[in-house]
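Reading through the structure tokens given below for one structure.
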Amino acid sequence: MEHIVIIGNGISGVTAARHIRKLSDKKITIVSAESDYFFSRTALMYVYMGHMKFKHTQPYENWFWKKNRIELKKGFVKKIDSENKLLLFAEDDSLSYDKLIIATGSKPNKFGWPGQDLKGVQGLYSKQDLENLEVYAPNNQVCKHAVIVGGGLIGIELAEMLHSRHIPVTFLVRETSFWDGVLPKEESDMINKEILRNGIDLRLSSNLKEIISDENGQAKSIIIEETGEEIPCNLVGLTAGVSPNIDITKTSTIETGRGIKVNRFLETNIPDIYAIGDCAEQHEAIGNRNPIEAVWYTGRMMGETVAQTICGNKMAYNPGHWFNSAKFFDIEYQTYGWVWAQPKENEARFYWEHKSGKKCIHLNYDKNTKELIGINNFGIRMRHEFFDKMLNEKQTVTYVLEHLADANFDPEFYKLHEKEIVAKFNLENNTNIQLRKKSWKRIFQTS
Amino acid sequence: MKNIQNLGLGLFLIGLTIFTSLIFLGKYEVTPQVLDEIISNKSIKSEHLINDLKTNVVGKEFSNPFLFSSEITSALEIANETHKQNSEWGKVIWDKPHSFSYEIAKKSGTGIIKEHKGLFWWLTFGLGILGALLYIIPNVITLGPPGIKNNGIWLHAATNRGWIGWFAFVFLVGFYILLYFRPDYIVNWTYIVDPISESLSGNLASQWFLYGFLYCTVMTVMAVRMYIKYRHNKYQILRTTSVLFFQIVFAFLIPEILVRFEKPWYDFKNAFPLDYDFFFSWNLDQLIASGGLGIFILVWGIVLTLVIVPVMVYFFGKRWYCSWVCGCGGLAETLGDPYRQLSDKSLFAWKFERWIVHGVLVFALVMTGFTLYTYFQGAEAVLGIKTQTIQDIYGFLIGAIFAGVIGTGFYPIFGNRVWCRFGCPLAAYLGIVQRFKSRFRITTNGGQCISCGNCSTYCEMGIDVRAYAQKGENIIRSSCVGCGICAAVCPRGVLKLENGPEDGRINPTEILLGNDVDLLDFLKQK
Ligand SMILES: Cc1cc2nc3c(=O)[nH]c(=O)nc-3n(C[C@H](O)[C@H](O)[C@H](O)COP(=O)(O)OP(=O)(O)OC[C@H]3O[C@@H](n4cnc5c(N)ncnc54)[C@H](O)[C@@H]3O)c2cc1C
Ligand code: SF4
Ligand code: SF4
């Protein structure tokens, strides 16, 4: 029986394993050094915040693996011997494979800051990071102040986490506005305000210069590059993005760039070795996508796809329309299609913001054809299927606005803003779009 | 703010301590007049009992309810035993010993509480309510801006099965045992609500009036907590208002007022088979005897169960009842909300649930079948089994132990819907309709789920919501009470409770939305 070995029990590796099991009877082993069972990395924050216990982050009960004949091996892979199709472990044992899927994920970026390896300096990626947080920042007695370096999705999550335990936080963001490389100015502004509203000491345009140690080798303060200001702190969170975790390929002949290079079939340059998820890098970017996609959904989709290929239905990774979501303190964010931070040449934008300053939508469409390119929605939930359909059918912004009532996904009885949104669009664009009533028929035609 | 909350907690605990210690206060003395009253009211023919009471009870002062109760219950039991041995059936007293003792105690209590009902109301209910509100209301500020704030729930001993949880468990279980099985120990509690009861029904308060009043009070106070916690969520606010309204008006005020006009006590929203004694002969007789209104109630009760309930479930899901109307659901969603995360999500628990909840439904239906058969045939037994025996077993096991002691007492350990999930026969019935014929579903938003697990953790019914959401599948489960909390806590906007056409309610999802269309076609072709 063919033996499929998967390195990494994250969403990519586990999805691949599950689908291979669905499609075949092959022997499957998942290797991981991090945790005994698959857990949801995206939920780490909720464990620290006390919303959940660690076991709640595990999507499958422990009996699931045995029942589905997916073997789990805890161990750290030190070397891939592709000649002999053998994995060598730090624990000094080995495992042979017929096909290998590398799904080793990412690791937090460190930019060579002085003091970056001190005690009390950490990223937020792994289960071990969570455990360290309980050591260095269990409460505001032990951790009187924390500094977070890097204004991305993980940075703001870490800020929310520490804030939930009443630990004062200074948040250093290199950019002039939060996540403004991705978010247009309006949305970025809204999130700046949300961060401040929650009592976080947000420092825009601020870089870390160095982290200063106390006599025990633990961080005691940081210095800001621009101002030279020293901020005393007991914890430094480094959240300046992640990079593919490709350490295990170093001693092998597997081709790498920033990540493990793969073609559209998620194959590496070595036969029978595949790479998926955060650690994979496409030779050529797909559409407007990044060659390295470090999000949950793409890891899952790559897992689904590689399973097909391995089970004999050779299939290219061919993701549909981009979508993503996040939550910034109390403001939920979803996006479908593309809304760049800066409009491109051919693009026109429509922005509506609710007077509370906590809800908005931003539509991106083609200036000439009026075709929808994407939407950002904050504080309002939108139906994935609706926008997928709009993008598939290349509908115009007019059509989308007319049918906006079909798109709303907020809980029942929530205040609807479609009328206001359409009115604003009409006013700004001298149009006369009439909002249509919500139609179940249209909504369910999609699938 | 912390100080106000601590003050509130302090006041609440003082109120609770006084309330608990009331049991031990006061004295009981049966006067000859009281005894005569009881004898004539209950037409007691047992000279054994009368003599026993006369020599051992009348004119004596008992310093606590336990001695008093044991004296009376043992007198009753001894007398009954003798009469049964002598086959003097007419002299046997069929009352439950502790209910019998309660009736005497209610009339015979003396002392400070009975003399100062109002004062003690303020010292118990008053302090409790005030303290609880002082503890709860500052949450408007301490919780931070509106939004989901489940911070620290699994870190706090009150909500993570810690020592406070266990303490609350023991307290609640103790309370329900007293309420159902030792009412004669808690007459003092009933005194403090006598004035309220008299103003409503004109009668002195029974232990059930006390319970009803306490129930409404607790729900109201905890509803304030819900309003604050979910102030950003209109579904939660409306739902909470609705259950509160139905509890106070339908389950509490209307029945008491009916009694004032000498009509039968009836809760118009309490549908059979949750209202398991609706078809019991005493109830049918009483309804038939009470003229037009009685007949109306009889017809209404039947139509409610056979027509209104299933039709509403078809249109809105069982939530219309379980999360918007029902009193048990109402308590679970207010007092029980802090415990919702404690429900068991394992597959094992789900299997167990299906057996037991449908088992109770079958039990209720069989019992009712027996009851109606005996009622119309005039027989006492069916197939050699006495209807009365079945009714007693049901009343004890399901009505008291399951719905009361376990159903509410276990909140702090097994979550707030133990009864609704494992025990309620009406929920089982609604669930069958919801599963197979309803427009209600929880829609999963395409591929947006990040498998974080908030939804499953906070589902009070122990549904593993994530298991569906992460596959892009809609959630169609008989047990879902539509509380909407899964959708509220989801950080990615993945879930929406909605009523829509039955077509497409169950969505097949081999591959999640997001992966390209060809793949979907490919799978369809296979
Ligand atoms: C705090 C946080 C929040 C996030 N929130 C979101 C979100 O809201 N939405 C979203 O789309 N994405 C989010 N992400 C990103 C998302 O979690 C990742 O894209 C996803 O988990 C990547 O999955 P993966 O399976 O590729 O890798 P991983 O989940 O990283 O799994 C890789 C596994 O391989 C193991 N491994 C690595 N090397 C070896 C070795 N040599 N031997 C043995 N085992 C090894 C690792 O220990 C790890 O367990 C978040 C990430 C973090 C850290
Ligand atoms: S599935 Fe959601 S709506 Fe249904 S009972 Fe559970 S939490 Fe409530
Ligand atoms: S809470 Fe939302 S994102 Fe998290 S597992 Fe449930 S449906 Fe998925």
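General observations
- Restricted to helices (runs of 4 or more DSSP H) entirely inside region B:86-165, those with at least 2 residues that are more than 26 Å from the chain's Cα centre (by Cα) are B:97-108, B:112-115, B:117-121, B:139-142.
- Residue within region A:243-265 that is surrounded by fewer than 21 Cβ atoms within 10 Å (Cβ to Cβ), within 12 Å of chain B (Cβ to nearest Cβ), in contact (Cβ under 8 Å) with a residue 12 or more places away in the chain and charged (D, E, K, R) present: yes
- The helices (runs of 4 or more DSSP H) found entirely in region B:320-397 that carry 3 or more residues being more than 24 Å from residue B:302 (Cβ to Cβ) and of a type in the set (A, V, I, L, M, F, W, C) are B:347-377.
- Of residues in region B:432-448 being within 17 Å of residue B:484 (Cβ to Cβ) and more than 7 Å from every other protein chain (Cβ to nearest Cβ), the one surrounded by the most Cβ atoms within 10 Å (Cβ to Cβ): B:434
- Total residues in region A:1-55, condition in a helix (DSSP H, G or I), open to solvent by less than 10 Å² (accessible area, probe 1.4 Å) and out of contact with any helix residue (DSSP H, G or I) (no Cβ under 6 Å at 6 or more places or on another chain): 3
- Search result, residues across region B:510-526 that are closer than 14 Å to residue B:446 by Cβ and either at pLDDT 95 or above or crowded, with 18+ Cβ neighbours inside 10 Å (or both): B:511, B:512, B:513, B:514, B:515, B:516
- Neighbours by Cβ (under 7 Å, 6+ apart or cross-chain): first from region B:487-500, outside the structural domain of residue B:445 (by TED's automatic domain parsing); second within 16 Å of ligand 1 (Cβ to nearest atom): none
- Residue tally, condition in a helix (DSSP H, G or I) and either crowded, with 23+ Cβ neighbours inside 10 Å or near ligand 2 (Cβ under 8 Å from one of its atoms) (or both), over region B:453-488: 11
- Meets criteria (open to solvent by 50 Å² or more (accessible area, probe 1.4 Å), closer than 18 Å to residue A:141 by Cα, more than 14 Å from chain B (Cβ to nearest Cβ) and among the charged types (D, E, K, R)) for residue A:220: yes
- Test result for residue B:491, away from ligand 2 (no atom under 11 Å from the Cβ) and part of a loop (DSSP other than H, G, I, E, B): yes
- Some residue of region A:383-401 being open to solvent by 10 Å² or more (accessible area, probe 1.4 Å), facing another protein chain (nearest Cβ under 10 Å), in contact (Cβ under 8 Å) with a residue 24 or more places away in the chain and assigned to a loop (DSSP other than H, G, I, E, B): yes
- Residue B:168 away from every other protein chain (no Cβ under 14 Å) and either of a type in the set (Phe, Trp, Tyr) or under 24 Å from the mean Cα position of the chain (by Cα) (or both): yes
- Counting the residues of region A:269-285 that are surrounded by fewer than 24 Cβ atoms within 10 Å (Cβ to Cβ) and either part of a loop (DSSP other than H, G, I, E, B) or modelled with pLDDT under 95 (or both) gives 7.
- Residues that are more than 16 Å from ligand 1 (Cβ to nearest atom), in contact with a Lys or Arg (Cβ under 6 Å, 6 or more places away or on another chain) and either of a type in the set (Val, Ile, Thr) or at pLDDT below 95 (or both) within region B:419-455 comprise just one, B:443.
- Residue match in region A:66-82 (condition: more than 30 Å from residue B:155 (Cα to Cα) and touching a His at 6+ places or on another chain (Cβ under 8 Å)): no
- Scan of region A:62-107 for residues that are among the hydroxyl-bearing types (Ser, Thr, Tyr) and either part of a loop (DSSP other than H, G, I, E, B) or open to solvent by 30 Å² or more (accessible area, probe 1.4 Å) (or both), ordered by number: A:82, A:94, A:96, A:97, A:104
- Check on residue B:142, open to solvent by 10 Å² or more (accessible area, probe 1.4 Å), farther than 24 Å from residue B:19 by Cα and within 14 Å of another protein chain (Cβ to nearest Cβ): yes
- For the residues A:306, A:339, the requirement of being crowded, with 22+ Cβ neighbours inside 10 Å, more than 10 Å from chain B (Cβ to nearest Cβ), of a type in the set (A, V, I, L, M, F, W, C) and assigned to a helix (DSSP H, G or I) singles out A:306.
- Residue identified as in a helix (DSSP H, G or I), under 27 Å from residue B:198 (Cα atoms), touching a Leu at 6+ places or on another chain (Cβ under 9 Å) and open to solvent by less than 30 Å² (accessible area, probe 1.4 Å) among B:244, B:253, B:258: B:258
- Residue that is free of Cβ contacts under 8 Å to residues at least 24 places away in the same chain, more than 16 Å from ligand 3 (Cβ to nearest atom) and outside the structural domain of residue A:16 (by TED's automatic domain parsing), where the choices are A:220, A:193, A:209: A:220
- The residue that is surrounded by the most Cβ atoms within 10 Å (Cβ to Cβ), counting only those in region A:111-170 that are among the polar types (S, T, N, Q) and touching a strand residue (DSSP E or B) at 6+ places or on another chain (Cβ under 8 Å), is A:122.
The values are calculated or read from the model by the stated rules, or taken from the named source; none is laboratory data. Quantities reported herein were computed from a predicted structural model and do not represent experimental measurements. Reconstructed Cβ throughout: ideal geometry from the backbone, glycine too, with neighbour counts over all protein chains shown. To get the accessible areas, we keep the full protein, side chains included, count just its heavy atoms, and leave off ligands, DNA and RNA. Shrake-Rupley method; radii C 1.70, N 1.55, O 1.52, S 1.80 Å.
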